[in-house]
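No lab work stands behind these numbers, since they all come straight from the coordinates. A quick note: this is a predicted structure, and the numbers were derived from the prediction, not measured. A quick note on method: Cβ atoms are made from the backbone with ideal geometry, for glycine too, and the neighbour counts reach across all protein chains shown.
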Amino acid sequence: MRHHFVRLGGSVAAAAFCMSAYAATGVVASIAVDKQSLGPGEDLNVKVTLTNTSSAPQRLLKWHTPFGAIEEALFDVSRDGVPVAYEGRHVKRPAPTAADYFVLQPGKSYSATVELSALYDVTMSGDYAIRFRTHAPDVLDSKIRAAGKQAPSPDDDLLQSDITKVWIEGTNAQRAVAVPTGEAGLTYSQCSASQQTSIASAMTAAKTMANGATAYLNAGTAGTRYTKWFGSYNATRYTTVKSHFTAIKDALDNKPVVVDCSCKESYYAYVYPTQPYKIYVCNAFWSAPTSGTDSKGGTLVHETSHFNAVAATDDWAYGQSAAASLATSNVTRAIDNADSHEYFGENTPALQ
């Protein structure tokens, strides 16, 4: 996968160019493709540019920008009007620190070229529509909270480009969806004996969390444990969360889960959403407690929820504080947020 980073003083010229601004911050997102038609096997590369048109510096979480490895679904891609699934990593990270933010200076533009064909299946012929979308600078969330307002729609605080289109003559050999093989249960890849012991304990904890969460939801309870992480009660949203945990419990109890220990990155873990049920655990996983907040067991719940075959959750907020705020500011995202599911399952501190 290739990512090219360029600092620019002005706009970007390209064959197709679309942009959109979030007025509250003055940050503009634009997207461009070099060619408006691609032949079989050609890479789909898009250039994303973020421009600060305001007079003040704006902070963007690096994870929500194209300025580095793409490890979240930062693009909406569709083919002939049908959404194309994201196939890249979903990563569980600790709550962000100051070092995790990118500062966009006034009047400056920054660009990156991303190879989308490594992240989305574009092997089928058709008209593709592409949009870059990410969180707006975090000043926006603080303005919403300061005003005591709830975001009126799921897209209200998104920074997103307009849609650009490209015709792709594909190979029409659609990528095979990973189909798990083997019997239900836990297996390991590239894990030492001690790591396997630790993971087995984590899996036991994860199953306990999933069982407890499912029992709570099956009973129809909507106390502070539910509202803390998923917001005000609504029958439709409640049913969605219930279905998520039913699927998480089923995956942990009845599917062939593989835990891979080869990752040496600083985060907790990651998965590819179209490759159930393989979970890659990373450095932060090993120092986490077996159960409790941001635990090994909770990490397995978090990652399992990401699989499209389970709950297809996203990463809208990291850490307990941000997840709790999300339940207040945007309940639609809260019920789609993997950390919210983890914290509901961990239930630390215990809520009723």
For region 16-115: lysine pairs under 20 Å (alpha-carbon distance), excluding those fewer than 8 apart on one chain | 5
Okay, which of region 282-320 sit inside 14 Å, backbone N to the point 7 Å along the Cα-Cβ direction of LEU61?
-> 314-320
Point-to-point label distance, THR290-GLU115, nm (Cα→Cβ direction, 7 Å offset) | 4.3
Summed over the other residues with a beta carbon less than 12 angstrom from that of ILE248, with K and R at +1 and D and E at -1, the charge totals 0
Excluding GLN352 itself, what net charge comes from residues whose Cβ is under 11 Å from its Cβ, given Lys and Arg +1 and Asp and Glu -1?
-> +2
Surrounding net charge for VAL82, when Lys and Arg each add one and Asp and Glu each subtract one, Cβ distance under 13 Å = -3
What is the gain in length, in nm to one decimal, between SER325 and SER125 on full extension, counting 0.36 nm per residue of separation less the C-alpha to C-alpha distance?
-> 67.8 nm
Which residues in region 64-79 have a backbone N closer than 18 Å to a point placed 7 Å from the Cα of THR240 along the Cα-to-Cβ line?
-> 73, 76
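Using only the Cα atoms of region 190-245, build the gyration tensor, take square roots of its eigenvalues as a ≥ b ≥ c, and label the shape rounded, prolate or oblate: rounded if a/c is under 1.5, else prolate if a/b is larger than b/c, else oblate. List each step's numbers first, then the result.
On the way: a/c = 3.26, a/b = 3.14, b/c = 1.04.
Note, shape of region 190-245 comes out prolate.
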Inverting the mean 1/r over all pairs of different Cα atoms, compute the Kirkwood radius of region 197-352 and quote it in Å.
-> 15.1
Can you figure out the FRET efficiency of SER232 with THR208, using R₀ = 25 Å and their beta-carbon distance, to the nearest 0.05?
-> 0.35
